[in-house]
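Chemist: Would you mind keeping the following structure in view while I ask a few things?
The values are calculated or read from the model by the stated rules, or taken from the named source; none is laboratory data. Bear in mind the structure is a predicted one, so any value in this text is a computation, not a measurement. Cβ sites come from the backbone with ideal geometry, for glycine too, and all protein chains shown count toward neighbours.
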Amino acid sequence: MKIAHISDLHLNSKSQSSNYLRIKAILKYISKQQYDHLVVTGDLTDNASTEDFVILRNLFKRFGFLSGDKLSIVIGNHDIFGGVQNAEDIFEFPKRCSHVDYNQKINEFISFFPESLENCFYISPNGYFPYAKIVGDVLLIGLNSNAKYSSINNPFASNGEISTSQFTEMLEILKMPVHSNRQKLILIHHHFNKLKAESRSSLGRIWQNIEKQTMKLKNKKRLLKLFNDYHIDLVLHGHIHQSKEYFRKGIRFLNAGGSIKNNKSRNLCINSDKINKTDININVDQIESSSIIPESKIAINKHSFIKRINRVSSIDNKNNLFLTKQSFQVKSLENINFPKYKTGK
């Protein structure tokens, strides 16, 4: 089985640098390469806006990914709280985060892509994460690693934490004997590697040290022990804008945070994971940025941009699921008929 892993798309239709063309290019490339499955590990949007989720839904549908067999996604901190949009916003952003309804934002996120959960054998009753599905003969477990806002412990809403309920539910899934001989992958937004201060300037090093304290995943040791105990084969994540493989405590990690924006190149990066019964081979495919029209040449006006995207791919209101094209309002998840899932034996 061949999995394409991307992350941190940060679509923002209100910005001149919307990332739309780059996201479209990377999805088009993946569809042409005939991958079996696409994994997106969070921060699909930059500012958690309804318009951007609609655009992404349309793109997933257009390139044939809008089904559980083809798509697995997890939520990132930008998909819940948004992000700082300019220098002045730094002082207002924590206040905005304090007013975010955390659980409602998770519900909204799921409501845009419910098809991605249609083949799960387990979906948590406590906020949809963790979920678990079998793709090919590979076990995929999706987690929500975003900590709730706290003025002291999470002032910029970018730190991570796996709740006790998620940890317990994941443990029960991994205990199931039917999965003992399967390749097992964890999908999560936050990183596990230690960040190194690479900037040469004093100001740059200060900012990188701030990032270390405001973008970290808490209680990693407990997760690493669990991953070791149940022989997790690969952990896919994003959050830090790099595309790289690394190991911690014998566990293999793959970061796709540099898919769209990365620190060393303008090229687009796709992590390609070829999985068989005994091994996982990893490559990083790159698309040269010169093959993409510069977004600076496109006049991005909010209303004309949305109108243009909707002409390309109209919203699917089949079975009256969740979206109305005119108002971009999210309907209640109670209107979505999720199947009842069992954890199995």
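Chemist: Within the stretch 75-131, count every residue that is farther than 14 Å from K148 by Cα and either basic (K, R) or assigned to a helix (DSSP H, G or I) (or both).
Modeler: Restricting attention to the stretch 75-131, the residues satisfying the condition of being farther than 14 Å from K148 by Cα are 83-93, 107-126, 128-131.
Okay, now just the ones that are also either basic (K, R) or assigned to a helix (DSSP H, G or I) (or both), so 89-93, 107-112, 114-117.
Number of matching residues: 15.
Chemist: Would you pick out the residues in the stretch 38-53 that are buried (at least 22 other Cβ atoms within 10 Å of the Cβ) and outside any helix (DSSP H, G or I)?
Modeler: Filtering the stretch 38-53 down to residues buried (at least 22 other Cβ atoms within 10 Å of the Cβ) leaves 38-46, 48, 52-53.
Selection gives L38, V39, V40, T41, G42, D43, L44, T45, D46, A48.
Chemist: I'd like the full set of residues that are of a type in the set (S, T, N, Q) and surrounded by fewer than 24 Cβ atoms within 10 Å (Cβ to Cβ), limited to the stretch 1-37.
Modeler: Residues of the stretch 1-37 that are of a type in the set (S, T, N, Q), as a first pass: 7, 12-13, 15-19, 31, 33-34.
N12, S13, S15, Q16, S17, S18, N19, S31, Q33, Q34, listed by residue number.
Chemist: Out of curiosity, is N144 touching a helix residue (DSSP H, G or I) at 6+ places or on another chain (Cβ under 9 Å) and part of a loop (DSSP other than H, G, I, E, B)?
Modeler: Working: touching a helix residue (DSSP H, G or I) at 6+ places or on another chain (Cβ under 9 Å): yes; part of a loop (DSSP other than H, G, I, E, B): yes.
Yes, satisfied.
Chemist: Give the residues of the stretch 133-150 that are farther than 22 Å from N219 by Cα and not basic (K, R), sorted by residue number. Can you show your working first?
Modeler: The first filter runs over the stretch 133-150 and keeps only residues farther than 22 Å from N219 by Cα, leaving 133-139.
Listed by number, the residues that qualify are I134, V135, G136, D137, V138, L139.
Chemist: Let me ask something additional. Within the stretch 274-289, how many residues turn out to be in a strand (DSSP E or B) and among the acidic types (D, E)?
Modeler: If we filter the stretch 274-289 for residues that are in a strand (DSSP E or B), which is where we start, we get 274-275, 280-287.
Within this subset, residues satisfying the condition of being among the acidic types (D, E) are 285.
The total comes to 1.
Chemist: Same structure again: Residues being under 21 Å from L11 (Cα atoms) and among the small types (G, A, S): count how many of those fall in the stretch 260-288.
Modeler: Going through the stretch 260-288 one residue at a time, the tally reaches 1.
Chemist: Okay, moving on. In contact with a Gly (Cβ under 9 Å, 6 or more places away or on another chain), crowded, with 21+ Cβ neighbours inside 10 Å, within 30 Å of D36 (Cα to Cα) and not hydroxyl-bearing (S, T, Y): is that true of F112 in this structure?
Modeler: no
Chemist: Restricting attention to the stretch 154-198, report how many residues are of a type in the set (S, T, N, Q) and not in a loop (DSSP other than H, G, I, E, B). Spell out how you get there, then give the answer.
Modeler: Taking the stretch 154-198 first, the residues of a type in the set (S, T, N, Q) are 154, 158-159, 163-166, 168, 180-181, 183, 193.
From what's left, not in a loop (DSSP other than H, G, I, E, B): 154, 164-166, 168, 183.
Selection size over the stretch 154-198: 6.
Chemist: Determine whether I80 is in contact with a Phe, Trp or Tyr (Cβ under 6 Å, 6 or more places away or on another chain), buried (at least 19 other Cβ atoms within 10 Å of the Cβ) and modelled with pLDDT of 95 or more. Show your work before the answer.
Modeler: Details: in contact with a Phe, Trp or Tyr (Cβ under 6 Å, 6 or more places away or on another chain): no; buried (at least 19 other Cβ atoms within 10 Å of the Cβ): yes; modelled with pLDDT of 95 or more: yes.
In short, no.
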